[in-house]
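Data block below; observations after.
The values are calculated or read from the model by the stated rules, or taken from the named source; none is laboratory data. Since this is a predicted model, take the numbers as computed values, not measurements. Neighbour counts run over all protein chains shown; Cβ positions are idealised from the backbone, glycine included. Side chains are part of the model used for accessible areas, which takes the heavy atoms of the whole protein and leaves out ligands, DNA and RNA. Shrake-Rupley method; radii C 1.70, N 1.55, O 1.52, S 1.80 Å.
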Amino acid sequence: MKMAGNILLVWCMTPLLSIGVGVNAQDIVREEVVFISGDNVLSGTLVLPDSAENVPVILFMGGMDEWGDFHSQRQSFIEENLEAVFPAMGIGVFYYDPRGVGDSEGRWGRATLNDFADDALAAISFLKQRKEVDPDRIGIVGHGEDGWVAQIVAATAPQEVKLMASLGGPTFDATKQLINEYHSEYVCNGADSTAAYDKAVQKAQSHQNWVSMIAITKRWRHMRMKMEYESAKYLKEITIPALFVFGENDGQVYPSWAMEEMNTVFPDSIPSNFSTFSIAGANHYFHVVPPCYDYEDDSDTIRKNFSFRFKEVFREWIFDHL
């Protein structure tokens, strides 16, 4: 995988108030930056402890919807589960707009998963040029579909990252992930699980047939570019510490399907460098909400809290391995 060159332009550097998450809490500094990946200039945010020197950094990717836009829950997820936790405890956080999204150049719908992995490697290269960052302690974290991207980076460039975490990310291929989503939709609309599975398989096959011939929408083009992705190929090559966290009520990635796939890929035993967790009551974004909860139907009758157990698992695993 080719690594792109990188440059830095600093638009803003703003000291923030200290966050009281522990006795070691400290002031943090936020910078809006850009870096280059191939022909594209990508825009990101770097959050570091104030006066940082040689600190580890978490590179986060994720929070996209199926149309190539930011999901409504992306920013709150980053703020509460990353920014409010790690910089105050001496670990930096970096996240960026994917190519073709937000302030980043490029075409999201025409990029492959390997293209996104190249962007992640360019982001890592950028971080390693920063004097505040320990180049040997950079961890990559992917949420949802970006869990696949994190798996690619961990498998193909383990020398570049110290750890990998996949949060609500599939461990199976794109076809099964599509079946998973359709099955969940049918079940949530009242269908029997067995009948829902048969219908989901048929619908996924039909859509993929159309996508392979005529990818006329942004969503379909994106679907086509990931159809040949084989998660097992990359899972087998991951030798660094790897965390896989699933939500019990995640309709996009069923924990049981994800673990079944892991056991198929590793029939003897799951590798000792893998850590897997299923978070009770949590959905795809690790909010504790009922099954079939839909953000588009959001109302004040349901209070969305991020799972304390998820926060605990994620935080402690990062601290232990980074």
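Worth a mention:
- Electrostatic dipole magnitude of the chain [Cβ: Lys, Arg +1; Asp, Glu -1; Cα centre; debye, to 20]: 540 debye
- Extension gain, GLU237 to TYR295: 0.36 nm times the residue separation minus the Cα-Cα distance gives 17.3 nm.
- Full-stretch length increase - PHE277, SER72 - with 0.36 nm per residue and alpha-carbon distance subtracted: 71.3 nm
- Descending principal axes extents, the range 120-279, alpha-carbon based, whole Å: 54, 38, 25
- Computed from the alpha carbon atoms alone, the convex hull of the range 226-322 holds 125 Å³ per residue.
- Simple rule: put +1 on each Lys or Arg Cβ and -1 on each Asp or Glu Cβ in the chain, find the dipole, and look at LEU113, ALA150, SER278; the Cα lying farthest toward the positive end is LEU113.
- Bins of 20 Å from zero: percent of alpha-carbon pairs in the chain: 32, 60, 8
- Farthest positive-ward along the chain dipole, Cα basis, beta-carbon charges - from PRO255, LEU127, GLY92: LEU127
- Built amide H within the under 5 Å cut-off of GLY38, gap 5+: ALA4, GLY5
- Over the range 51-167, the pair-distance histogram of Cα-Cα distances with 10 Å bins from zero comes to 14, 48, 34, 5 percent, rounded to whole numbers.
- Taking every C-alpha pair closer than 8 Å and separated by at least 6 residues, the mean separation divided by the residue count of the chain gives a relative contact order of 15 percent.
- Inverse of mean 1/r across different Cα pairs in the range 26-68, Kirkwood, Å: 12.7 Å
- Cα-Cα P(r), the range 77-145, percent of pairs per 5 Å interval: 4, 13, 23, 24, 20, 12, 4, 0
- Placing a label point 7 Å from the Cα of ASP65 along the Cα-to-Cβ direction, the residues of the range 161-185 with a backbone N closer than 18 Å are 181-182, 185.
- Charge context of VAL29, other residues only, Cβ under 15 angstrom, K/R +1, D/E -1: -4
- Against the rule of thumb 2.2 N^0.38 Å, how large the Cα Rg of the range 236-275 comes out: 1.21
- Length gained when the stretch GLU53-PHE308 is fully extended (0.36 nm per residue, less Cα-Cα span): 88.8 nm
- Only protein heavy atoms count here; under a 1.4 Å probe, THR264 has an accessible surface of about 100 Å².
- With a threshold of 24 Å on the Cα-Cα distance, the over-threshold entries among LYS128/LYS162; LYS128/LYS236; LYS199/LYS236; LYS131/LYS162 are LYS128/LYS236; LYS199/LYS236.
- Placing +1 on each Lys and Arg Cβ and -1 on each Asp and Glu Cβ, with no other charges, gives the range 60-176 a dipole about its Cα centre of roughly 320 debye.
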